[in-house]
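Remarks on the structure that follows.
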Amino acid sequence: MGDGAPAKGVQNEPAMKGWLFKWTNYLKGYQRRWFVLQNGLLSYYRNQAEMAHTCRGSISLHGALIHTVDHCTFVISNGGTQTFHIRAASEIERQSWVTALELAKARAIRNLESEEEEEETEDGASPEEWANVVRELQAKLDDLKTCSDLISKHGGALQRALGELEVTAESDTIQGKHKAVQERATLFRIASNAMMNACSEYLSMALNHGHKWTRLLQHEREQRQRLQEMVETLAQQHSKLEQAAAANAQRPRDVISGSEDEDENEFYDAVAEGSNNLLPVTSSGSSSDHRFLIDIPNPPHNRQQQQQELGGSDEAATSSDASSSEETEETGGQQAVVVTHGKTDSSPLTVERKDGTAAASSSGSSGGKKSGARARRNRVPDKPNYPISLWSIVKNCIGKDLTKIPIPVNFSEPLSMLQRLTEDFEYSEILDKAGNITDPCEQLAYVAAFTISSYSTTSSRNGKPFNPLLGETYEFDRMADLGWRVINEQVSHHPPMVAQYCEGRGWKCWQEFSMSSKFRGKYLQIVPLGIAYVEFDNGNRYSWRKVTTTIHNIIVGKLWVDHHGDMDIIGRGSATGSTCHLKYVPYSYFTKESQRRVKGAVMDSAGEVKWIVNGTWDGKVEICKVTGNSSGNAQNNPVYETAAPLTAWKRRMPDAEAEKYYNFTELACQLNELEDGVAPTDSRLRPDQRLMEEQDWDKANQEKVRLEEKQRAVRRKREADAEKAQQSGIPVEPYEPIWFRQVKDEDTGTFIHVYKGEYWGCKQKQDWSRCPDIF
């Protein structure tokens with residue numbers, strides 16, 4: 001069979017199979033592999049014989065991005081965790097594979113959605129509906145009994161008539177009896193047909209609902225198993241809490257009566273080797289000295305260089321998006337003691353821009369009006385009181401992707417994910433400050449503070465933002481007062497992906513945000529997959545990935561959010577070599593660490609620690625310049641001495657009544673404010689979101705369903721057009737974003753969406769001809 005030959009026949013036969021060349025690593029380059037496209041999966045083997053026993057790798061097409069690189073090469077990625085770089089022998093063969101992959105992806109999405117709709121129908125059935133089904137089955141069973149009685153009655157009459165016919169000799173009598181036999185035979189045939197029809201209907205109904213009941217029973221068994229595990233975990237946690245409470249009750253009163261500020265400023269030193277705990281230390285120096293532990297990993301750029309030299313083999317399903325915490329454990333590192341001298345400089349962060357204007361202070365209002373800036377609102381309508389249990393909505397969705405859970409607007413906030421990502425720039429003055437710094441390590445310390453500040457609003461916000469529709473956009477121009485403007489677009493729906501570009505005075509940021517999310521019963525966990533960048537006018541560029549977010553207390557109690565994991569901020573361009581490692585300490589009842597703690601270190605190209613970063617993601621961040629270091633203490637932990645801490649960021653607390661309106665900050669209140677001249681695809685114009693803000697939640701839920709169905713109809717039409725094009729031999733063109741395009745990232749080698757640079761020009765001319773009708 002020739003390469004790339006489509007397979008025909010039964011449904012389980014591969015849709016496409018053939019020889020292609022797959023990129024393996026820098027040492028071996030492209031290697032010839034046997035690829036098979038089947039049931040929404042693209043798998044590969046070293047040869048055809050391996051198909052019977054060894055699959056070298058596979059990628060699901062349901063949430064995959066398919067991108068053509070050149071006339072023979074294409075790339076398949078599922079949002080960052082897996083990427084296949086594939087080369088065909090010719091352009092025709094490459095196009096055949098790309099077309100087959102696009103159609104297989106569309107079928108996989110369609111099949112998954114049909115299964116989910118069927119599950120929703122089954123799971124959403126009320127006890128009254130199941131009782132109706134049972135009554136219908138009982139009624140049909142009664143019909144069967146009635147038919148059985150009729151058959152017995154007419155069968156007996158027919159037998160008697162036949163017996164009388166045998167003993168009758170006279171012709172006239174025989175003729176009369178023969179007529180009676182025919183009548184009774186007709187009645188028997190009618191009763192038999194009715195019996196057969198009733199049996200058929202009963203069997204059909206029983207099989208149909210029996211299949212649903214079997215799946216429902218299996219689902220309930222799995223739910224019960226999960227609930228049992230949850231109860232066991234809760235019992236264990238309760239026992240540990242009781243033990244901890246008993247231990248605290250035995251502590252001296254003066255030890256536990258200190259203020260919260262004293263707890264945060266308690267001195268710590270390292271304990272015995274192999275322990276991660278901290279013990280209070282009696283300070284022999286100034287009362288303004290503070291000690292704490294930080295993790296110093298191997299420099300991330302060295303780890304990346306090692307990975308590039310080793311390359312990714314076929315057998316090892318390595319991922320460039322593996323969590324930093326796992327990466328740190330595998331590549332080693334050490335703990336260090338930090339000793340800060342002097343009092344914290346808590347003066348407000350002021351920035352003198354190159355144009356002579358002052359940036360917003362970190363202690364001022366995010367929406368402070370400046371000369372020439374428009375007046376903006378500082379709150380939104382209050383949140384109505386619609387009591388409903390979140391557990392009642394998501395209890396049947398354990399293990400599912402968060403984006404697949406049908407949640408009403410009652411658990412949302414009147415902002416889309418596009419607008420929520422814009423809140424990353426609430427403290428943009430930190431980047432303004434960093435733009436005036438020439439030293440890459442000091443600049444990186446402020447960038448680290450900026451990345452931490454983006455989580456500050458989540459401490460009191462647990463509403464789910466609206467999932468954007470494909471092609472939905474959002475712009476926010478605050479150049480006149482805050483010094484930046486941003487444009488966001490939903491560039492992919494499977495997988496959901498947002499592209500963002502923001503430009504300020506002396507810097508620009510861009511990111512591609514996607515995520516993997518699962519509901520685990522006790523909590524929701526969100527793992528971001530995209531990469532964010534910031535570049536300054538001096539050529540220094542930095543990139544990072546966001547940490548894991550977990551939402552707790554889904555079953556009972558007040559919802560609360562925690563961020564945890566490791567973050568590596570890597571210097572690029574002129575800042576190549578400088579890195580920052582941040583550790584977001586997970587919340588725990590049994591730790592001496594202050595909750596929501598973030599700490600880390602900035603290192604230069606030689607791996608030497610230059611700056612220390614310390615703080616909380618919901619309060620403030622301090623940075624300290626390292627002034628000296630020593631070999632360490634008895635546990636061989638290096639000791640870094642620093643100058644007095646500088647306040648790089650301090651949170652602006654929301655209004656005292658913010659709890660009434662979704663705990664929005666002033667900037668968040670302004671995100672959905674109507675503006676003239678925006679694109680027709682802008683999130684401000686989304687009707688369900690607008691109705692929710694205006695407190696009409698019933699209509700908002702109806703409008704939400706309408707918009708989602710409209711999006712499905714557009715996708716089905718696109719899939720149908722693609723199938724017709726394939727049948728006609730016409731190449732299938734994938735969906736193209738409006739304001740972004742996909743290119744190969746020069747730093748990571750992966751494909752990302754970058755801004756085309758055309759939006760603001762089109763807005764000035766009010767040319768929205770390229771915008772689709774999505775609302």
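The values are calculated or read from the model by the stated rules, or taken from the named source; none is laboratory data. Keep in mind that what you see is a predicted model, and the values were worked out from it rather than measured. Glycine also receives a Cβ, built like all others from the backbone with ideal geometry; neighbour counts cover every protein chain displayed. The accessibility values were calculated without ligands, DNA or RNA, using every heavy atom of the protein model including side chains. Shrake-Rupley method; radii C 1.70, N 1.55, O 1.52, S 1.80 Å.
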Note to self: Calculate the FRET efficiency for Lys518 and His341 from the Cβ-Cβ distance with a Förster distance of 45 Å, rounded to the nearest 0.05.
What the structure shows: 0.50
Next item on the list: Set the Förster radius R0 to 60 Å, insert the Cβ-Cβ distance between Ala49 and Val754 as r into 1/(1 + (r/R0)^6), and round the FRET efficiency to 0.05.
Entry: 0.90
Notebook entry, point to check: Residues of region 452-608: accessible area per residue at 1.4 Å, in Å²?
Noted result: 30 Å²
Checklist line | Descending semi-axes in whole angstrom, ellipsoid equivalent of region 399-490, from the Cα gyration tensor | finding: 30, 16, 12
Checklist line | region 695-775 - percent of accessible surface contributed by carbon and sulfur, probe 1.4 Å | finding: 47 percent
Item checked: Between region 408-433 and region 60-80, the Cα center-to-center distance that results, in Å -> 30 Å
Next item on the list: Scan around Asn629 for amide H atoms under 5 Å from its own, H built in the peptide plane at 1.01 Å from N, and keep only partners 5 or more places away or cross-chain.
Entry: Glu641
Item checked: Per-bin percent of Cα-Cα distances, region 518-579 [5 Å] -> 4, 17, 19, 15, 12, 10, 8, 8, 5, 2, 0
Notebook entry, point to check: Where in region 505-545 does the label zone of Glu222 land, with the point 7 angstrom along Cα→C-beta and an amide N cut-off under 14 Å?
Noted result: 519-521
Next item on the list: Figure the gain on full extension for Asp537 and Cys199 (residue separation times 0.36 nm, minus the Cα-Cα span) and round it to one decimal in nm.
Entry: 113.7 nm
Check: Using 7 Å Cα-to-Cβ label points, what is the Gln159/Asp289 separation (nm, one decimal)?
Finding: 11.0 nm
Note to self: Under the √(5λ) rule applied to the eigenvalues of the Cα gyration tensor, what semi-axes describe the equivalent ellipsoid of region 438-579? Give them in Å, descending.
What the structure shows: 28, 19, 15
Notebook entry, point to check: Excluding ligands and nucleic acids, what accessible area in Å² is computed for Glu136 using a 1.4 Å probe, to the nearest 10?
Noted result: 90 Å²
Next item on the list: Using +1 at the Cβ of each Lys and Arg and -1 at the Cβ of each Asp and Glu in region 677-763, identify which of Met692, Pro731, Tyr755 lies farthest towards the dipole's positive end.
Entry: Pro731
Checklist line | Heavy-atom accessible surface of region 567-633: percent carbon and sulfur, 1.4 Å | finding: 45 percent
Check: Gain in length, Lys717 to Lys744, computed as 0.36 nm per residue apart minus the alpha-carbon separation, to one decimal in nm?
Finding: 6.7 nm
Check: Which FRET efficiency value, to the nearest 0.05, do you get for Glu673 and Asn39 by plugging their Cβ-Cβ distance into 1/(1 + (r/R0)^6) with R0 = 51 Å?
Finding: 0.60
Note to self: Let me check against my output: what whole-number percent is the relative contact order of region 618-745, with C-alpha pairs under 8 Å and at least 6 apart?
What the structure shows: 12 percent
Checklist line | Other-chain or far-sequence residues with amide H under 5 Å of Glu622's (modelled H) | finding: Asn614, Gly615, Ala648
Checklist line | Cross-link pairs Lys105/Lys756; Lys508/Lys650; Lys558/Lys583; Lys383/Lys699; Lys599/Lys650 - those with Cα-Cα distance over 18 Å | finding: Lys105/Lys756; Lys508/Lys650; Lys558/Lys583
Next item on the list: Calculate, in nm to one decimal, what Ser90 and Ser728 gain on full extension: separation in residues at 0.36 nm each, minus their alpha carbon distance.
Entry: 227.7 nm
Margin query: So for region 11-72, averaging the separation of alpha carbon pairs under 8 Å that are six or more residues apart and normalising by length, what relative contact order in percent results?
Written below: 23 percent
Check: If amide H atoms are built 1.01 Å from N in the plane of the peptide, which residues on other chains or at least 5 residues away come under 5 Å of the amide H of Ser574?
Finding: Asn540, Arg541
